[in-house]
1. Report P(r) for segment 347-412: all Cα-Cα distances, bin width 10 Å, range 0 to the bin holding the largest distance, values in whole percent.
2. Suppose only helical runs count, i.e. DSSP H with n ≥ 4. What mean residue ellipticity at 222 nm does that imply for the chain under -39500 (n - 2.57) per run, divided by all residues and rounded to the nearest 500 deg cm²/dmol?
3. Under 10 °C and 1.306 mPa s, how fast does segment 27-68 diffuse according to Stokes-Einstein, given a Kirkwood radius computed over C-alpha pairs? Answer in µm²/s, whole number.
4. By average Cβ neighbour count within 10 Å, what is the ranking of 61-67, 196-202 from highest down?
5. For segment 303-356, with equal point scatterers placed on the C-alpha atoms only and solvent neglected, what are the log10 I(q)/I(0) values from the Debye formula at q = 0.24, 0.30, 0.32 1/Å, to two decimals?
6. Taking Cα atoms, how many degrees apart are the long axis of helix 45-73 and the longest axis of the chain, rounded to 10 and kept between 0 and 90?
7. At q = 0.16 Å⁻¹, what log₁₀ I(q)/I(0) does a Debye calculation on the Cα points of segment 344-486 give, no solvent, two decimals?
8. Specify the angular offset, from 0 to 90 degrees and rounded to the nearest 10, of the alpha carbon long axis of helix 418-430 from the longest principal axis of the alpha carbons in the chain.
């Protein structure tokens, strides 16, 4: 945090001798310092306007408090009237300042506004308010108004006047220098915060990152890099990166090496081989860049290593999640539709039959109701495994959701080829399914449509197989029915 925060430091010599006025003066000084701090630290127009509004409101309150005291002792006097006019002029100046501070990029305007505020406030306290306070205190001690004014004028003249002018000049200079210092400290702190943020990002990155000087000697490396090379960070500094991991910079087939390419072109990226600390090789993507000074001389090299195998693994996981049923691991509707389109194209070329079989389990709801949903989920997993084991590798079994499955049986020579396959599917599903101490029993209703006899779209084939499945249910369940357009 910034330690030097006051362009207008309060001093006990600013005291007027009237406690309530002195406390309000301290508050005004605090608000001017707060405004300067917000401006110097680039706090934004909204925040600065909020402080200006607070300063305006409190200034009006302070002036009202002052004027009540002055009017109590000098009800009809040109000094009081002049003081009131001075107050109104200052409030007008604050309103103007708010408009001028709208252009926060113009430092000269900002400095002029703050210089005016500090100078006016210092003069207001040291000269006009102190003068009025001396009059009030003299009246309180028994002098007449005229005697009090003469007494106060004497005390404010001569050496006192010279002292006030000297203090005002000192504060004008001090406020300007302090504001510049606050700005400099704020800029340095923002730069340090950015550097710390960059370091935190690099240190927490999963990618291995290293920085070297122009000769390849390591300056810094993040924890991921240290882990990959199995070398303690304290032992890395000053070592040649090319001697630690030569496989990253080996010559390529065309005789060039990655280091030379990065040096000559400013950047290089490509696949390289990393031998990790355990001696295992891994394909990684190396991005190597140069950092140059103002004269375009290379000062540093920065490298980032990304594990390609991890990316491939992540992509595989994502593909599985997108295309497969979470409960059973079977292809979902999305993947089924893709495979059905490919199967239609394949069978259109080889003139073989494709059977699209829509399966709905009979009695599944009763298992859910009596044994619970966990038991129902286990039953679906068992049925999925049994169907997968029964089918050929070129066939597809997919789960659409609930207790509905679709099977694609391809390369059939005739309609009769489907009969024994469907019989085995029905028999497999009807086998008892052990679930904990219990045993569940279900059967299946299967609707079948055959392509190209049913020369429909993929959506049409699924719709027709679904219709045939309902026909099998209506016929008594635990059977199959082949769709026909007649």
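1. 19, 44, 24, 10, 3
2. On the way: 17 runs with 272 residues, N = 486.
Mean residue ellipticity, 222 nm, calculated: -18500 deg cm²/dmol.
3. Values: Rh = 10.7 Å.
Rounded, D is 148 µm²/s.
4. Values: 61-67: 16.1, 196-202: 11.9.
So the peptides 61-67, 196-202, ranked by packing, come out 61-67, 196-202.
5. Taking Cα atoms of segment 303-356 as identical point scatterers yields -0.90, -1.07, -1.12.
6. With both axes taken from Cα atoms, the answer is about 30 degrees.
7. -0.81
8. So the helix axis and the longest Cα principal axis differ by about 60 degrees.
Here, each number is a calculation from the coordinates, and none is a lab measurement. Only a predicted model underlies this, so the values are computations on that prediction, with no experimental measurement involved. Neighbour counts are summed over all protein chains in view; Cβ atoms, including those assigned to glycine, are modelled from backbone coordinates with ideal geometry.
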